[in-house]
Amino acid sequence: MSIHGQARKVTTNTLQEMKSAGEKITMLTAYDFSLAKLVDKAGVDIILVGDSASNVMAGHATTVPITLDHMIYHAQCVERAVDRALIVVDMPFGSYQGNSTVALESAVRIMKESNGHSVKLEGGSEVVESVKRILTAGIPVMGHLGLTPQSIYKFGTYTVRAKEDEEAAKLISDAKLLEDAGCFAIVLEKIPRELAKKVSESISIPTIGIGAGPDCDGQVLVLHDLLGITMDFSPRFLRRYLNLSTDINNAIRQYCDDVRSGDFPSEDESYSE
Ligand code: KIV
């Protein structure tokens, strides 16, 4: 049964049901209260408090610098706004790699301090021990394969991943590994559509694509890209639904003109004794 238009909360079970029913899953990022409220009200299934906040909110060139404290702050803001969507919070670089005890501590902090509903972390076999350890605490985990922006300094570019057979084979086996470990879904970022289709058909948990073609079980975009706020980023996979950077610029220029000319505030916009 479709859950669109109903207030019923989205859970990891809902997502599994949607995959089984062939119903596409929608996911968008949000990092603050006001936009998270709009995203939730519009009926998006999953809100990702992405570590892309490092770029979009803080202006860093990569996702590497954002901290666990920053992610928790953004997740707290989003959580206050959301009634329906499942909230996924990205675990930032350095908070889970290499040591599953640290990973569990980081995930527990996110859950306790932000009231988010689940966490996401990047990588396959390299992080599977951390995934398993987090899951032992009952914290739902979303995986992330393909282009993994936290590893930018290892790969050197943001180009399409897993075009070569060896990397594609590793991605397929990583997806299976994450499914077997107990992840509830996996983001597939910037990989060939044929590979994304193969992975989506070979695992029973939902795949959420970004630059991974139409055959994933759902799609995710960065909200600020979709709204046309971030205009210096135009990958092939991005569809802009608005050109807000122009609209916002025009509105602010108009405001400045109105203040400078004395048109604002008017009589109606002023209080009298
Ligand atoms: O941080 C983020 O916005 C993400 C998406 C690109 C999937 O991880």
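The values are calculated or read from the model by the stated rules, or taken from the named source; none is laboratory data. This is a predicted model, so every value here is computed, not measured. Reconstructed Cβ throughout: ideal geometry from the backbone, glycine too, with neighbour counts over all protein chains shown. We work out accessible area using only protein heavy atoms, side chains counted, and drop any ligands, DNA or RNA first. Shrake-Rupley method; radii C 1.70, N 1.55, O 1.52, S 1.80 Å.
Peptides 241-247, 9-15 ranked from most to least packed, by the mean per-residue count of other Cβ atoms within 10 Å: 9-15, 241-247. Of Gly123, Gly50, Gly138, the residue with the greatest mean-square motion in the GNM of the chain, using alpha carbon springs below 10 Å, is Gly138. On full extension, the segment bounded by Phe264 and Leu238 gains 5.6 nm, given 0.36 nm per residue less the C-alpha separation.
A simple packing score, the average count of other Cβ atoms within 10 Å per residue, orders the peptides 254-263, 99-108, 182-191 as 182-191, 99-108, 254-263, with the highest score first. Comparing Cα centroids, the stretch 82-111 and the stretch 114-130 end up 6 angstrom apart. Eigenvalues of the alpha-carbon gyration tensor of the chain, scaled by 5 and square-rooted, set the equivalent ellipsoid semi-axes at 35, 21, 20 angstrom, largest first. Ignoring ligands and nucleic acids, what accessible area does Arg161 show with a 1.4 Å probe (Å², nearest 10)? Counting only protein heavy atoms, the figure is 30 Å². The lysines within cross-link reach of Lys197, meaning a Cα-to-Cα straight distance under 25 Å and a gap of 8 or more places when in the same chain, are Lys19, Lys24, Lys120, Lys163, Lys170, Lys176. Summed over the residues of the chain and divided among them, the accessible surface reaches 51 Å² per residue at a probe radius of 1.4 Å. Orientation-averaged projection of the stretch 1-120 equals 7.7 nm² [convex hull of Cα atoms, one quarter of hull surface area]. Using a probe of 1.4 Å on the protein chains alone, the accessible area found for Ser20 is around 100 Å².
Note on the stretch 6-58: Cα convex hull, mean projected area over all directions, 4.2 nm². Put the Cα centre of the stretch 229-273 next to the Cα centre of the stretch 47-64 and the gap is 24 Å. Once divided by 2.2 N^0.38 Å, the Cα radius of gyration of the stretch 225-273 becomes 1.75. Computed over the alpha carbons of the stretch 156-228, Rg followed by Dmax gives 12.4, 38 Å. Once the Cα-Cα distance is subtracted from the 0.36 nm per residue extended length, the Asn249 to Lys163 segment shows a gain of 27.0 nm. Coordinate range of the alpha-carbon atoms in the stretch 123-184 per principal axis, descending: 35, 22, 15 Å. If R0 equals 25 Å, the separation of the Cβ atoms of Lys170 and Thr101 corresponds to a calculated FRET efficiency of about 0.45.
Ordering of 74-80, 58-64, 112-118, 153-159 by packing is 74-80, 112-118, 58-64, 153-159, highest average first (other Cβ atoms within 10 Å, averaged per residue).
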